[in-house]
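Reviewing the structure listed below.
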Amino acid sequence: MQIANMNEITLVLLKPDCLAKRHCGDVIKRFEQAGLEIVGCKMMFLSEQLLAEHYAHILDKPFYPDVQAFMQSSPTIAIALSGENAVALVRELMGPTDPLKAVPGTIRRDFGEDVKSNIVHGSDSPENALAELKRFFSDDELFTTSLKR
Ligand code: IDP
Ligand code: MG
C-alpha cells in the first residue's frame with residue numbers, strides 16, 4: 001500500500017530532445033494538469049561530472065558514452081515538482097524508459113523517439129529524489145515553503 005505524501009518533491013529533467021522538439025510546454029502541461037506544482041526550475045548545461053553522478057547506475061554500460069553525448073547536446077531544464085506522491089505520479093505520466101514500450105498518452109510514448117532519446121527524466125524513488133534534488137538545486141533555489149498558500 002502506498003502512503004499518501006502531499007509534500008513529496010521529485011526531480012524532472014527536460015532532456016535535449018524535449019527542447020529541440022519544442023515539447024517543453026507540452027510536458028510541463030501534463031505535470032501541471034496532474035496537480036503537480038513547480039517549486040524549482042532552471043536551465044542547465046550538465047557537466048561530465050554531474051552526469052556521471054546522476055547516471056552512476058549506467059556508467060559501466062556500453063551505451064553510456066552515447067547517453068552522455070546526448071545529454072550534453074544542449075542544455076536541459078531541471079524542474080522540481082511537488083505534490084501528493086510526486087515521484088510515482090511523475091514516473092506514471094512519463095511511461096517506461098523505452099517509448100516504444102510505453103502506452104499512448106504517456107509523455108515518452110507521445111513525444112519520445114527511442115530508448116535513449118526519451119524526452120524526460122524523473123526520479124525513481126523518494127530516496128533518489130532527495131539525492132537528485134540536492135545534486136541539481138541549492139536550498140535557496142527550491143521554493144518549497146514560500147509558495148504554499
Ligand atoms: P529511466 O530514465 O527510465 O529511469 P534508466 O535505466 O535510469 O531509465 O536509464 C537512464 C537513461 O539512460 C534513460 O532514460 C535513457 O536516456 C538512457 N538509456 C537507458 N537504457 C538505454 C539503452 O539501452 N540504450 C541507450 N540509452 C539508454
Ligand atoms: Mg532512472
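The values are calculated or read from the model by the stated rules, or taken from the named source; none is laboratory data. Since this is a predicted model, take the numbers as computed values, not measurements. Cβ: placed from backbone, ideal geometry, glycine included. Neighbour counts: every protein chain shown. Just so you know, the surface numbers come from the protein's heavy atoms only, side chains and all, with ligands and any DNA or RNA stripped out. Shrake-Rupley method; radii C 1.70, N 1.55, O 1.52, S 1.80 Å.
For the chain, which span is the longest to avoid every loop-located (per DSSP) member of chymotrypsin sites (Phe, Trp or Tyr not before Pro) having at most 14 other Cβ atoms inside 10 Å?
Working: sites that count: Phe45, Phe63.
After excluding every exposed loop site, the longest remaining stretch is 64-149.
Check each of the GluC sites (Glu not before Pro) in the range 53-149 and keep only those in coil by DSSP with at most 10 other C-beta atoms within 10 angstrom; list them in order. It would help to have the intermediate numbers written out before the result.
Numbers: sites: Glu53, Glu84, Glu92, Glu113, Glu127, Glu132, Glu141; in loops: Glu84, Glu113.
Passing both the DSSP loop test and the Cβ count: no residue.
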Distribution of pairwise C-alpha distances over the range 90-149, 5 Å bins, in %: 4, 19, 20, 15, 16, 14, 9, 4, 0
Folded to 0 to 90 degrees: helix 126-136 orientation relative to the chain principal axis, Cα: 70 degrees
Point-to-point label distance, Glu48-Glu113, nm (Cα→Cβ direction, 7 Å offset): 2.4 nm
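Can you figure out the FRET efficiency of Asn128 with Glu37, using R₀ = 22 Å and their beta-carbon distance, to the nearest 0.05? Mind dumping the intermediate values first?
Numbers: r = 20 Å, r/R0 = 0.91.
Computed FRET efficiency for Asn128 and Glu37 comes out at 0.65.
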Evaluated at q = 0.16 Å⁻¹: base-10 log I(q)/I(0), Debye formula over Cα of the range 49-110: -0.73
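Please sort by residue number the trypsin sites (Lys or Arg not before Pro) in the range 10-47 whose DSSP state is loop and whose Cβ has at most 12 other Cβ atoms within 10 Å.
Details: sites: Lys21, Arg22, Lys29, Arg30, Lys42; in loops: Lys21, Arg22.
Answer in residue order: Arg22.
Would you mind getting me the FRET efficiency between Asp140 and Ala20? Use the beta-carbon distance for r and R0 = 30 Å, nearest 0.05. Let's see the in-between values first.
Numbers: r = 30 Å, r/R0 = 1.01.
Result of the calculation: an efficiency of 0.50.
Ignoring ligands, DNA and RNA, how do Ile38, Ile107 rank by accessible area with a 1.4 Å probe, largest first? Provide the component values of the computation, followed by the final result.
Numbers: Ile38 55, Ile107 0 Å².
Order by accessible area, largest first: Ile38, Ile107.
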Entries in Lys15/Lys101; Lys21/Lys42; Lys15/Lys116 that, when Cα-Cα distance is taken, lie over 21 Å: none
Distance between modelled label sites at Thr97 and Tyr64, nm, 7 Å Cα→Cβ extension: 1.3 nm
Whole-Hz couplings from phi, Karplus 6.51/-1.76/1.60, listed for the range 102-111; x for Gly and Pro: 8, 7, x, x, 8, 4, 5, 5, 6, 10
Base-10 log of normalised Debye intensity for the range 78-121 (one unit scatterer per alpha-carbon) at q = 0.15 Å⁻¹: -0.34
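Tell me, what are the semi-axes, in whole angstrom and largest first, of the equivalent ellipsoid of the range 20-90 as set by the roots of 5 times the Cα gyration tensor eigenvalues? Walk me through the intermediate numbers first.
Numbers: eigenvalues 130, 44, 26 Å².
The equivalent ellipsoid of the range 20-90 has semi-axes of 26, 15, 11 Å.
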Placed amide H near Leu59: partners under 5 Å, 5+ positions off or other chain: none
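What does the convex hull of the Cα atoms of the chain come to per residue, in Å³, rounded to a whole number?
117 Å³
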